[in-house]
Every structure is written in C-alpha cells, then in structure tokens.
Amino acid sequence: MSEKTNEFLQRADAQIEIANQQLNQGLTLGEVSASYLYGSVRFSTYMACTSYNTAEDMLADKDDIIEYFTKEYKLALEEHLNNHAVTHDFTQNQNN
C-alpha cells in the first residue's frame, strides 16, 4: 500500500464520512459495508482496466490483478484489526 500521507488519509476519511452518512440514514453496518466493499471492487476493476490496451491482455493478468488487490486488502485489514483490538471500546457495542 502506498505511504500514508496526510492526503492519503484525508481521501480515506472522506470515504468513511460517506459511509457514516449512510449509517445516519438508518442503514445497517452490514448494508453499508457490503455496498462500500462492492464499490471499492468496481473502482479497482476500473483502475485495472485503464492499465491495459485490450480485454485479452487484462484477462491474461487477471490472477495477478486479483492477487495484488487481495494482498493489499489483507494488509490493511490486518493493520486495522490490530489497531481496533487495542483502541476500540468493546463495551459500547450494541450487542453487549
């Protein structure tokens, strides 16, 4: 993943703000999370498409593209799970 500059974090925070606005509209965490993940995949797929001259070339690299995005997602998920394990107040969860 790219170095986490202030601009990088601001772009991520802008996306999280959109998700929070959707939660404030009464949607569930699961609903927002599912559409957020789906939108991320759609955008990542578009980004990958712009790197190729033909569909055949892109599809020839499909496994590499999937591996790249899966690896980046896993790294970010591990980072945030470790962070939240230390910083999240689990007593405030709705199911407690």
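Data for the structure
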{"quantity": "Formal net charge of residues neighbouring Gln25 (Cβ-Cβ distance under 15 Å; K, R +1; D, E -1)", "calculated": "-2"}
{"quantity": "For segment 59-66, Karplus couplings with θ = phi - 60° (6.51, -1.76, 1.60), whole Hz, Gly/Pro x", "calculated": "5, 5, 9, 3, 4, 5, 5, 4"}
{"quantity": "Net lengthening on full extension, Ile18/Asn83 (0.36 nm per residue, minus Cα-Cα)", "calculated": "21.2 nm"}
{"quantity": "Cα-based reach from Lys62 at 22 Å (exclusive), listing lysines while leaving out same-chain residues under 8 positions away", "calculated": "Lys71, Lys74"}
{"quantity": "Theoretical ellipticity at 222 nm over the chain - DSSP helices of four or more residues, -39500 (n - 2.57) apiece, nearest 500", "calculated": "-25500 deg cm²/dmol"}
{"quantity": "Over segment 1-53, equivalent-ellipsoid semi-axes from the Cα gyration tensor in Å", "calculated": "24, 17, 7"}
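Readers should treat all values here as calculations from the given coordinates under stated rules, not as data from a laboratory. Worth saying up front: this structure is predicted, and the values here are computed from it rather than measured. Note: ideal-geometry Cβ built from the backbone for every residue, glycine included; neighbour counts use all protein chains shown.
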